[in-house]
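Visitor: Below is one structure. I have some questions about it.
The values are calculated or read from the model by the stated rules, or taken from the named source; none is laboratory data. Values in this document were obtained by computation on a predicted structure and should not be read as measured data. In this analysis, Cβ positions are derived from the backbone assuming ideal geometry, glycine residues included, and neighbour counts consider all displayed protein chains. We work out accessible area using only protein heavy atoms, side chains counted, and drop any ligands, DNA or RNA first. Shrake-Rupley method; radii C 1.70, N 1.55, O 1.52, S 1.80 Å.
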Amino acid sequence: MITRNQIIHYTSDELIRVSIALTTGIVEKARQRHNLSPVASAALGRTMTGAALLAGDYKNHEGVSLKVAGDGPLGAVHADCFDTNKLRGYVDNPQVDLPLKVNGKLDVAAGVGQHGQLTVTRFTPEKTTYTSQADLVSGEIAEDIAYYLFTSEQVPSTISLGVLVSQDYTIAAAGGFLVQALPGAKDEDLARVEANITQVGALTTYLQDHPNGEGLIDIILSGMHFKELYRQNLYWRCTCSRQRFENALLSLRQEDKEALLKDPQVEMTCQYCGAKYVLSHDELAALYEAAAQRHKKN
């Protein structure tokens, strides 16, 4: 079966909305790009999936950046979702490995740490941007995002995120869902959804058996009247480019530019995607000379 990286949005007559994100291929791409350990794969996979679920305003091409900065050995976990469907991310210490928990699960909370902050930045193409923070409550990421949504955005939410790593370290399954109450939702309907969610069981087990999330919405909104609003493919993408690399070099102080010109070449690696950009000494000198000439003309 061909699995798809995609996000699907639903709404019900009972004023409950649900988004389901399937991200197995994207998390595997991140694992390969950054040579992630299993616990780092799980932490970054959950965070990227969470970013996709939070970027729910597909009509305005909303973007969301998440930074999970705890006191664990992984350091900060960074994820961006822009245009509501393009994902990228990285972990400060991607090769950190930890013993499994007693139940055999990856110990993401120990890797992230339980003390720190989740920072969420929302932005749109119109450059409307705002950033807010919430304390970490568990380091498991899903619980931390749910706490953020309740305390910072006052939206009662249930979020489930999961990444299953195979014995060969490849990603067997990854995804998540976000359930939110719209204004006017009844407590009894919310309680019914909570009961329905318990029937899903372990999310990664469900996604391993149903790679494209088949039937998941029917379980979550069982007994309700719902419809699909919108679905779109998700992609691993980065906003880095050679032009941005050159602009960064042009923004340096004069003494830093002169120091770089003493080297045979300059190399920069994008933290988000691992892409490398290299300029030879002659190319760098020409870049600075062209900028100087433009400055003189102006």
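Visitor: Restricting to the range 139-156, give me the number of residues that are open to solvent by 10 Å² or more (accessible area, probe 1.4 Å), assigned to a loop (DSSP other than H, G, I, E, B) and modelled with pLDDT of 95 or more.
Guide: 1
Visitor: May I pose another question? Yes or no: Gly274 more than 19 Å from Gly176 (Cβ to Cβ), out of contact with any Leu (no Cβ under 8 Å at 6 or more places or on another chain) and at pLDDT below 90?
Guide: When the stated conditions are applied, Gly274 passes them.
Visitor: Output the residues belonging to the range 149-163 that are within 24 Å of Val200 (Cα to Cα) and either β-branched (Val, Ile, Thr) or under 16 Å from the mean Cα position of the chain (by Cα) (or both).
Guide: Correct list: Leu149, Val155, Thr158, Ile159, Ser160, Leu161, Gly162, Val163.
Visitor: What pairs can you find where one residue is in the range 84-97 and over 21 Å from Thr24 (Cβ atoms), the other is open to solvent by less than 30 Å² (accessible area, probe 1.4 Å) and hydroxyl-bearing (Ser, Thr, Tyr), and their Cβ atoms are less than 6 Å apart, with a gap of 6+ or different chains?
Guide: Within 6 Å, the pairs are Gln95/Ser37; Val96/Ser37; Asp97/Ser37.
Visitor: A follow-up question, please. Show the residue pairs meeting these rules: Cβ distance below 7 Å; 6+ apart or different chains; first residue within the range 4-17 and within 14 Å of Gly56 (Cβ to Cβ); second residue assigned to a strand (DSSP E or B) and among the acidic types (Asp, Glu).
Guide: Taking only residues 6 or more apart or on different chains, the pairs are Ile8/Glu228; Tyr10/Glu228.
Visitor: Still on this structure, I have one more. Pairs under 7 Å by beta carbon, first residue touching a residue at least 60 places away in the same chain (Cβ under 8 Å) and farther than 17 Å from Ala142 by Cα in the range 163-174, partner part of a strand (DSSP E or B) and of a type in the set (Gly, Ala, Ser), six or more apart or different chains?
Guide: Close Cβ pairs (under 7 Å, with a partner that is part of a strand (DSSP E or B) and of a type in the set (Gly, Ala, Ser)) amount to Val165/Ala172.
Visitor: Still on this model: Given the conditions (1) open to solvent by less than 90 Å² (accessible area, probe 1.4 Å); (2) more than 27 Å from Asn60 (Cβ to Cβ); (3) modelled with pLDDT of 95 or more; (4) not hydroxyl-bearing (Ser, Thr, Tyr), and given that Gly201 satisfies all but one, which numbered condition is not satisfied?
Guide: Condition (3) is where Gly201 drops out.
Visitor: Continuing with the same structure: Name the helices (runs of 4 or more DSSP H) wholly inside the range 175-255 in which the number of residues that are under 30 Å from Thr269 (Cα atoms) is 3 or more.
Guide: Qualifying helices (runs of 4 or more DSSP H): 242-250.
Visitor: Could you list all residues from the range 256-269 that are surrounded by 12 or more Cβ atoms within 10 Å (Cβ to Cβ) and in a helix (DSSP H, G or I)?
Guide: Lys257, Leu260
Visitor: Please verify whether the range 157-168 includes one or more residues that are hydrophobic (A, V, I, L, M, F, W, C) and loosely packed, with under 14 Cβ neighbours inside 10 Å.
Guide: Within the range 157-168, not a single residue is hydrophobic (A, V, I, L, M, F, W, C) and loosely packed, with under 14 Cβ neighbours inside 10 Å.
Visitor: If you don't mind, there's one more thing I want to ask. Go through the range 207-225 and report how many residues are open to solvent by less than 40 Å² (accessible area, probe 1.4 Å) and farther than 12 Å from Arg192 by Cβ.
Guide: 7
Visitor: What number of residues in the range 111-138 are under 22 Å from Thr205 (Cβ atoms) and either of a type in the set (A, V, I, L, M, F, W, C) or part of a loop (DSSP other than H, G, I, E, B) (or both)?
Guide: Within the range 111-138, residues that are under 22 Å from Thr205 (Cβ atoms) and either of a type in the set (A, V, I, L, M, F, W, C) or part of a loop (DSSP other than H, G, I, E, B) (or both) number 1.
Visitor: Those residues that are closer than 18 Å to His61 by Cβ and among the hydroxyl-bearing types (Ser, Thr, Tyr), I need them from the range 209-236; list them, please.
Guide: Within the range 209-236, Tyr230, Tyr235 qualify.
Visitor: Before we move on, is Asp187 charged (D, E, K, R), modelled with pLDDT under 95 and over 22 Å from Ile7 (Cβ atoms)?
Guide: Yes; evaluated as a whole, the condition is true for this residue.
Visitor: Condition first: assigned to a helix (DSSP H, G or I), open to solvent by 40 Å² or more (accessible area, probe 1.4 Å), more than 30 Å from His78 (Cα to Cα) and not charged (D, E, K, R). Can you find one or more residues in the range 270-286 that meet it?
Guide: The answer is yes, given that some residue of the range 270-286 is assigned to a helix (DSSP H, G or I), open to solvent by 40 Å² or more (accessible area, probe 1.4 Å), more than 30 Å from His78 (Cα to Cα) and not charged (D, E, K, R).
Visitor: Looking at (1) on the phi < 0 side of the Ramachandran plot; (2) at pLDDT below 95; (3) under 20 Å from the mean Cα position of the chain (by Cα), which is the only condition Gly213 fails?
Guide: (1)
Visitor: Give the residue, chosen from Arg253, Arg242, Arg231, that is open to solvent by 90 Å² or more (accessible area, probe 1.4 Å), touching a residue at least 12 places away in the same chain (Cβ under 8 Å) and over 23 Å from the mean Cα position of the chain (by Cα).
Guide: Arg242
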